[in-house]
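A short reminder: the numbers here are calculations on the coordinates, not readings from a lab. Worth saying up front: this structure is predicted, and the values here are computed from it rather than measured. Cβ placement follows ideal geometry from the backbone for every residue including glycine, while neighbour counts extend to all protein chains displayed.
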Amino acid sequence: MIIIKIGGGSTINLPGVVADLAGLDQQYIIVHGANAIRDKLAEDLGQPKQVLTSVKGYSSVYSDEKLLDVMLMAYAGLRNKRIVELCQQHGINAVGLCGLDGKLVKGKRNKGVRVYQGKKLKIVRDFSGKPETVNMPLLRLLLDNDYVPVMTVPIIDEFNIAINTENDDVVRVLQQAIHADIVINLIEAPGFLENQEDPATLVRKISSSELETREKQVDGRMKRKMLAFRKLFENGASKVIIADGRSEHPVLDALAGKGTVIE
């Protein structure tokens, strides 16, 4: 079993990803983002996103009810259904789901994000949280009947309310539930870079024991991503590949070892 995590950037080669998947002889699940579409929709609607940076340096999007509406349009709507459409065009019988559907992914709402506003420490509360469980009977029903799940956020919390979460964390609980052999993470970069501005600084191999150190090297989205990878290995993952989602054959390149291999 392979988990394919497709980043939400605007330059990801979705047709190339799906064409590669159509030729695989292994079972797989797709998890995808949609941050570029979300950001454009939010701007168009006159409610641009707000980014929170916790006291530990992890960034997240402030998720009020208006932002959740935009997310439902961008993630569970436009991006999800376009990926399903591409899958169907390539003979992949895909089913698009967000974590709300059939309580596919349940989580717990955050008590708050500790941030500094000026010199003052403040706790900001919103509709965000951490995934904890996957509805395996529903997932198994799909997989056993040859459907390919195409999953995204939002997820459902303990009050049956939609909450935002990181798709990398969804991948973590999914991997823990299905014991996937490989997790492929397709991003808008060649892989993990020593210098985020220089593609020539690609790190081709990272041991799982290095992840905490590597996490301290980076900031922004990559910092949170490295934390999610570290938790993946703590929960028993054996191999994660960070690869370029913009290439002609993103999935085949990843399986051939191009990008950064963590194991």
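I need the trypsin sites (Lys or Arg not before Pro) found in the range 87-179, filtered to DSSP loop residues with at most 13 other beta carbons within 10 Å of theirs.
LYS111, LYS119, ARG125
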Length added when fully stretched, THR11-ASN160, from 0.36 nm per residue minus Cα-Cα: 50.2 nm
Cα-based Rg (one decimal) and Dmax (whole number) for the range 64-135, in Å? 16.8, 56
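What does the C-alpha gyration tensor say about the overall shape of the chain? Classify as rounded when a/c is under 1.5, otherwise prolate if a/b is larger than b/c, or oblate.
On the way: a/c = 1.44, a/b = 1.13, b/c = 1.27.
It is rounded, given that a/c, with a ≥ b ≥ c, falls under 1.5.
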Might you report the magnitude of the Cβ-based charge dipole of the range 2-262 about its Cα centre, with Lys and Arg at +1 and Asp and Glu at -1, to the nearest 20 debye? 1060 debye
Quick calc, SER54 & GLU248: beta-carbon distance into FRET formula, R0 22 Å, rounding 0.05, result 0.05
How about LYS49: which aspartates and glutamates have a C-alpha closer than 19 Å to its C-alpha, ignoring those fewer than 8 places off in the same chain? ASP39, ASP64, GLU65, ASP69, ASP126, GLU166, ASP219
Quick one: if the Förster radius is 41 Å, what FRET efficiency do LEU121 and GLN196 give, using the C-beta to C-beta distance and rounding to 0.05? 0.90
In whole Å, how far is the Cα centre of the range 132-158 from that of the range 1-72? 17 Å
Hydropathy at least 0.5 by Kyte-Doolittle, axial extent at least 20 angstrom from the Cα trace: which helices of the chain, defined as entire DSSP H runs, fit? none
Based only on other Cβ atoms within 10 Å, what is the fewest-to-most ordering of THR133, THR260, THR152, THR213? THR213, THR133, THR260, THR152
Go ahead and collect, in residue order, the members of the range 1-28 whose backbone nitrogen is under 17 Å from a label point 7 Å along the Cα-Cβ direction of ASP44. 9-11
Dipole size in debye (nearest 20) for the range 108-203 around its Cα centre, Lys and Arg Cβ +1, Asp and Glu Cβ -1? 900 debye
For the chain, with the dipole built from +1 on Lys and Arg beta-carbon atoms and -1 on Asp and Glu ones, taken about the Cα centre, which of SER128, ALA243, VAL113 lies farthest toward the positive end? VAL113
Taking H as built 1.01 Å from N, whose amide H comes closer than 5 Å to the amide H of SER63, not counting residues under 5 places away? PHE127
What size of dipole, in debye to the nearest 20, comes out for the range 197-254 about its Cα centre when the only charges are +1 on Lys and Arg C-beta atoms and -1 on Asp and Glu C-beta atoms? 240 debye
Checking the range 121-186 for GluC sites (Glu not before Pro) in a loop per DSSP with at most 12 other beta-carbon atoms within 10 Å yields GLU158
From the cross-link list LYS225/LYS258; LYS5/LYS122; LYS81/LYS130; LYS81/LYS122, the entries with a Cα-Cα span beyond 27 Å are LYS5/LYS122; LYS81/LYS122
Taking the beta-carbon count within 10 Å as an exposure proxy, list LEU174, LEU14 from fewest neighbours to most. LEU14, LEU174
Can you spot the aspartates and glutamates whose alpha carbon is less than 13 Å from LYS216's alpha carbon? Ignore those fewer than 8 places along the same chain. GLU194
Looking at LEU255, ASN167, LEU211, which one has the Cα that reaches farthest to the positive end of the dipole of the range 2-262 (charges on Cβ: Lys, Arg +1; Asp, Glu -1)? LEU211
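Taking a cut-off of 16 Å, what percent of all Cα-Cα pairs in the range 179-218 are separated by more than that?
Numbers: 347 of 780 pairs.
I get 44 percent for the Cα pairs in the range 179-218 exceeding 16 Å.
For the range 190-222, which trypsin sites (Lys or Arg not before Pro) are both in a DSSP coil and crowded by at most 16 other Cβ atoms within 10 Å?
ARG204
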Find which of LEU193, VAL51, ALA34 sits farthest along the positive direction of the dipole of the range 2-262, computed with +1 on the beta-carbon of Lys and Arg, -1 on that of Asp and Glu, about the Cα centre. VAL51
